[in-house]
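Asks: So that we are looking at the same thing, I have put the structure below in structure tokens.
The values are calculated or read from the model by the stated rules, or taken from the named source; none is laboratory data. The structure displayed is predicted, hence computed values, not measured ones. Glycine also receives a Cβ, built like all others from the backbone with ideal geometry; neighbour counts cover every protein chain displayed. Note: areas computed on protein heavy atoms with side chains; ligands, DNA, RNA excluded. Shrake-Rupley method; radii C 1.70, N 1.55, O 1.52, S 1.80 Å.
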Number of protein chains: 2
Amino acid sequence: MNHDSSLVNRLTDRLIAGELRPGERLSETALAKEFDVSRNTLREAFRVLGEQGLVTHIPHRGVSVASPSTADVVDIYRVRHHVECSVLEHAPRNHPNAVRMEAAVEAAEKFAAEENWLEVGTANMEFHNAVVSLSDSRRLMQSFSNVLAELRLAFLKVEVLDFLHAPFIGRNKEVVEIYRTEGPVAAAKILGAYLGDSERQVLGAYARAGQD
Amino acid sequence: MNHDSSLVNRLTDRLIAGELRPGERLSETALAKEFDVSRNTLREAFRVLGEQGLVTHIPHRGVSVASPSTADVVDIYRVRHHVECSVLEHAPRNHPNAVRMEAAVEAAEKFAAEENWLEVGTANMEFHNAVVSLSDSRRLMQSFSNVLAELRLAFLKVEVLDFLHAPFIGRNKEVVEIYRTEGPVAAAKILGAYLGDSERQVLGAYARAGQD
DNA sequence: TAGCACTCATTGTTCAACAAACATAGACGG
DNA sequence: CCGTCTATGTTTGTTGAACAATGAGTGCTA
């Protein structure tokens with residue numbers, strides 16, 4: 001684990017950075033050599049990533065980068081609705097981590113001005129992780145973070161990083177503002193509608209890309 | 001993985017059956033010999049179980065059966081509140097899987113009559129998994145199932161299987177009935193109160209057992 | 001008794017090997 | 001021409017042995 005958790009992190013970074021494309025086959029011997037670890041150590045990391053949903057493992061056929069289908073996208077948005085909305089709705093007013101949401105919005109705006117869409121995507125993920133952090137639940141945050149990472153693979157799959165995220169920066173901002181001014185319940189309502197729109201947009205991109 | 005997923009299952013079975021006690025150290029060589037697999041294969045299984053929260057891994061100190069602290073119990077109940085209540089509240093009326101809930105209640109009643117408390121616990125887990133299955137979300141069900149398994153370890157830790165589950169069979173039944181008659185929203189409310197009581201009871205058991 | 005060095009056991013990791021499953025290409029027959 | 005079957009090569013699944021690195025326990029010393 002000394003190296004192992006570091007290996008998992010290195011693999012995760014390359015996955016969500018899009019260097020390993022969704023659906024791409026991950027050869028054990030090739031990757032082991034590339035990361036300068038043994039096959040056995042790499043396989044341990046694969047099990048972790050598989051459990052997190054970032055990687056798909058089929059017995060005797062090896063692992064490949066997860067390539068979410070439309071069904072997966074729908075499933076992921078179901079999780080988002082339940083988790084994000086419930087957490088936000090029941091969050092106390094003035095939760096300390098609200099500043100995390102605001103910081104994420106600012107970061108997204110900054111990167112958007114630079115047209116650095118990959119970092120905009122990262123800031124967007126951070127925003128929604130911040131929302132879930134209002135639950136003060138380590139497990140909820142962990143599971144949710146995995147699901148969001150999987151969703152990023154969905155974005156990478158249909159290659160629409162840029163215009164897909166840009167319109168939603170403002171809506172993130174709106175959610176925080178409503179949370180501040182009108183409270184959690186109103187903010188949760190806004191967020192629910194937001195997620196619905198987001199889901200439609202991703203599914204639209206899938207349809208255009210002709211993906212399943 | 002051919003053997004591996006089977007190995008994970010075998011380990012999981014023994015964990016939630018209480019044959020491996022919470023906090024118990026799991027020696028690699030000993031367990032490998034016991035399950036007749038190599039150390040490397042066992043370590044792969046350990047990574048999966050670690051990611052599921054059933055096992056705790058500390059670098060250079062090996063893995064041990066998860067031994068949830070009171071903080072963990074609180075965290076787990078936070079997840080339960082958010083997930084179970086949100087799913088039930090937004091479930092459609094007459095969801096097909098409602099029969100799963102009813103079947104779980106019947107099973108629990110049957111085992112309770114036999115005073116088979118371990119199976120009562122299993123039926124109780126099945127009930128709550130059934131609730132979450134109303135979300136039609138594979139990921140939500142999977143994550144939630146892991147959390148419930150971890151909670152079972154908490155029960156095992158303080159050794160109060162019997163009287164802890166018995167009183168709640170009736171409340172499971174009540175939740176289904178309200179769901180049938182008054183609908184999801186009313187049922188979710190009942191369930192929320194139920195979970196609050198359940199949490200208090202578990203934390204009480206922890207306090208009595210003098211556990212952290 | 002507190003600190004310290006030493007020893008021993010366990011984990012972390014690698015390597016080489018082999019069986020088993022799979023994928024591919026070419027031969028064969030309809 | 002097309003589908004099926006077989007042979008071959010590749011990849012994964014799994015093992016056992018080996019060694020380094022870390023941690024835990026022990027007994028010594030002051």
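Asks: Evaluate the Kirkwood expression for the hydrodynamic radius of the protein assembly as shown, namely the inverse of the mean inverse distance over all pairs of different C-alpha atoms, and round to one decimal in Å. Please report the intermediate quantities before stating the final value.
Replies: Numbers: mean 1/r = 0.0437 Å⁻¹.
Kirkwood hydrodynamic radius for the protein assembly as shown: 22.9 Å.
Asks: B:Asp13: accessible area at probe 1.4 Å, nearest 10 Å²?
Replies: It works out to around 90 Å².
Asks: Relative to the longest principal axis of chain B, what angle (0 to 90°, nearest 10) does the C-alpha long axis of helix B:184-209 take?
Replies: 40
Asks: Quick one: pull the percent of accessible area on segment B:70-209 belonging to carbon and sulfur, 1.4 Å probe, ligands and nucleic acids left out.
Replies: Values: 3040 of 5670 Å².
Of the solvent-accessible surface of segment B:70-209, carbon and sulfur hold 54 percent.
Asks: With viscosity set to 1.002 mPa s and temperature to 20 °C, compute the Stokes-Einstein D of chain A, Rh being the Kirkwood radius across alpha carbon pairs; µm²/s, no decimals. List each step's numbers first, then the result.
Replies: Values: Rh = 18.0 Å.
Estimated via Stokes-Einstein, D reaches 119 µm²/s.
Asks: Report the extension gain between B:Arg200 and B:Arg10 in nm, rounded to one decimal, defined as 0.36 nm multiplied by the number of residues separating them, less their alpha carbon distance. Spell out each step's value before the answer.
Replies: On the way: separation 190, 0.36 × 190 = 68.40 nm, distance 3.20 nm.
In short, 65.2 nm is gained.
Asks: Through the Karplus equation 6.51 cos²θ - 1.76 cosθ + 1.60, θ set to phi - 60°, convert the phi angles of segment B:31-41 into ³J(HN,Hα) values in whole Hz; use x for Gly and Pro.
Replies: Each residue's phi maps through the Karplus curve to give 5, 4, 5, 4, 8, 6, 10, 7, 4, 4, 4 Hz.
Asks: Per residue, how much accessible surface does chain B expose to a 1.4 Å probe? Answer in Å², no decimals. Kindly include the intermediate steps, with their values, before the conclusion.
Replies: Values: 9280 Å² over 212 residues.
On a per-residue basis, chain B sits at 44 Å².
Asks: Residue by residue through segment A:116-121, which ³J(HN,Hα) values in whole Hz follow from phi under the Karplus form 6.51 cos²θ - 1.76 cosθ + 1.60 (θ = phi - 60°), with glycine and proline marked x?
Replies: 8, 6, 5, 6, 4, x
Asks: I'd like the distance between the alpha-carbon centres of segment B:1-67 and segment A:34-64, rounded to an integer number of Å.
Replies: Rounded to whole Å, the Cα centres lie 18 Å apart.
Asks: Using a label position 7 Å from Cα in the Cα→Cβ direction, what is the ascending list of nm distances from A:Pro167 to the same site in the other copies?
Replies: 5.3
Asks: To continue, here is another question. Working out 0.36 nm times the residue gap between A:Gln142 and A:Arg21, then minus their Cα-Cα distance, what length gain in nm do you get to one decimal? If you can, show how the numbers build up before the last one.
Replies: Working: separation 121, 0.36 × 121 = 43.56 nm, distance 2.34 nm.
Answer, rounded to one decimal: 41.2 nm.
Asks: Scan around B:Leu26 for amide H atoms under 5 Å from its own, H built in the peptide plane at 1.01 Å from N, and keep only partners 5 or more places away or cross-chain.
Replies: Excluding prolines and chain starts, which carry no amide H, the hits are B:Val63, B:Ser64, B:Val65.
Asks: Right, something else. If you fit an axis through the alpha-carbon atoms of helix A:138-158 and take the longest principal axis of the Cα set of chain A, what angle between them do you get, 0 to 90°, nearest 10?
Replies: For A:138-158 against chain A, the angle is about 70 degrees.
Asks: Between the chain alone and the structure with every protein chain in place, find the residues of segment B:84-108 that drop at least 30 Å² of accessible area; heavy atoms, 1.4 Å probe.
Replies: Listed in order, they are B:Ser86.
Asks: Using a 10 Å cut-off around each Cβ of peptide A:129-140, what is the average number of partner chain Cβ atoms that fall inside?
Replies: Values: counts 0, 0, 0, 1, 0, 0, 5, 3, 10, 6, 10, 9.
Partner-chain Cβ atoms within 10 Å, mean over residues of A:129-140: 4.
Asks: When only Cα pairs under 8 Å and 6 or more residues apart are kept, what is the percent relative contact order across segment B:3-102?
Replies: Numbers: 66 pairs, mean separation 27.1, N = 100.
After rounding, I find 27 percent.
Asks: Then there is this: List the distances, in nm to one decimal, from the label point of A:Arg208 to the label points of the same position in every other copy, shortest first, placing each label point 7 Å from Cα along the Cα-to-Cβ direction.
Replies: 6.2
Asks: Please enumerate, by chain and number, the lysines with C-alpha under 22 Å from the C-alpha of B:Lys110, excluding those fewer than 8 residues away in the same chain.
Replies: Partners within reach: B:Lys173.
Asks: Quick check on segment B:2-65: take the gyration tensor over C-alpha atoms, sort the square-rooted eigenvalues as a ≥ b ≥ c, and tell me if it's rounded (a/c under 1.5), prolate or oblate.
Replies: Details: a/c = 1.32, a/b = 1.11, b/c = 1.18.
Judged from the Cα gyration tensor, segment B:2-65 comes out rounded (a/c under 1.5).
Asks: Need one value for B:55-62: mean number of C-beta atoms belonging to other chains within 10 Å of its residues' C-beta atoms. Display every interim value, and only then the final one.
Replies: Values: counts 0, 0, 3, 1, 5, 2, 1, 1.
Mean shielding by partner chains, rounded to a whole number: 2.
Asks: Would you mind listing the distances between the A:Lys110 label point and the same position in each other copy? Use 7 Å along Cα-to-C-beta, nm, one decimal, shortest first.
Replies: Those label-point separations list as 6.1 nm.
Asks: For chain A, what is the mean residue ellipticity at 222 nm derived from helices alone (per DSSP H run of n ≥ 4: -39500 (n - 2.57); sum divided by total residues; nearest 500 deg cm²/dmol)? Please list the in-between numbers first.
Replies: Values: 10 runs with 154 residues, N = 212.
The per-residue figure over chain A is -24000 deg cm²/dmol.
Asks: In whole Hz and in residue order, list the ³J(HN,Hα) couplings for segment A:163-168 that follow from phi through the Karplus curve 6.51 cos²θ - 1.76 cosθ + 1.60, θ = phi - 60°; x for Gly and Pro.
Replies: 6, 6, 8, 3, x, 9
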